[in-house]
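Here the structure comes first, spelled out in structure tokens, and everything after it is commentary.
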Amino acid sequence: MPYTASFTPEALTRAEVDARPGPLVLEFGTHWCGWCQGAQPLIQAAFSLAGAEVAHVKVEDGPGRALGRSFGVKLWPTLVFLRDGQEMARLVRPQDQAALVQALRGLQGAAATAADASTPPSA
């Protein structure tokens, strides 16, 4: 799944996120947030450069939103990089495309490592 353009109200619960297999990037923010708007070209380019086959879910956040609170989100945008429900990296108000690409590739690298570990050795 490539870059996602729109924020959606909480489409996932924390239990669903924790149980979700594979790589996932949760991006917390809102469509009206200036920081979020300013970061979008950088985030979109990073997904393109990383060649990421990573699910990207933009979660509309705000006071009383359970998913954002469960991740301790305080500033927007906050991107949480997860593999099999476990946080692997976090970027708050990203301004460095290289850091975004590295985090995305790290999720992909973790996927390759996990796949290698689950493949029995050849005889």
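The values are calculated or read from the model by the stated rules, or taken from the named source; none is laboratory data. Keep in mind that what you see is a predicted model, and the values were worked out from it rather than measured. Here the Cβ is made from the backbone with ideal geometry for all residues, glycine too, and neighbour counts use every protein chain on show.
Tell me, yes or no, whether region 59-77 has at least one residue that is acidic (Asp, Glu) and farther than 20 Å from Gly106 by Cα. Can you show your working first?
Restricting attention to region 59-77, the residues satisfying the condition of being acidic (Asp, Glu) are 60-61.
Checking which are farther than 20 Å from Gly106 by Cα leaves us with 60-61.
Yes - at least one qualifying residue is present in region 59-77.
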Selected residue (criterion: nearest to Phe81 (Cα to Cα)) from residues of region 2-48 that are aromatic (Phe, Trp, Tyr), in contact with a Phe, Trp or Tyr (Cβ under 7 Å, 6 or more places away or on another chain) and at pLDDT 95 or above: Phe28
Some residue of region 87-100 being touching a residue at least 12 places away in the same chain (Cβ under 8 Å), crowded, with 22+ Cβ neighbours inside 10 Å and part of a helix (DSSP H, G or I): yes
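Mind checking whether some residue in region 26-37 is among the hydroxyl-bearing types (Ser, Thr, Tyr), touching a helix residue (DSSP H, G or I) at 6+ places or on another chain (Cβ under 7 Å) and under 19 Å from Met88 (Cα atoms)?
Looking through region 26-37, none of the residues is among the hydroxyl-bearing types (Ser, Thr, Tyr), touching a helix residue (DSSP H, G or I) at 6+ places or on another chain (Cβ under 7 Å) and under 19 Å from Met88 (Cα atoms).
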Identity of the residue in region 38-60, buried (at least 20 other Cβ atoms within 10 Å of the Cβ) and touching a helix residue (DSSP H, G or I) at 6+ places or on another chain (Cβ under 8 Å), that ends up nearest to Gly72 (Cα to Cα): Val59
Contacts under 8 angstrom Cβ, first residue in region 3-17 being farther than 16 Å from Leu79 by Cα, partner among the aliphatic types (A, V, I, L, M) and in a helix (DSSP H, G or I), 6 or more apart: Thr13/Ala66; Thr13/Leu67
Odd one out for Gln108 among (1) modelled with pLDDT of 90 or more; (2) surrounded by 11 or more Cβ atoms within 10 Å (Cβ to Cβ); (3) under 23 Å from Ala45 (Cβ atoms): (1)
Any hit, region 9-28, residues being within 13 Å of the chain's Cα centre (by Cα) and more than 22 Å from Gln108 (Cβ to Cβ): no
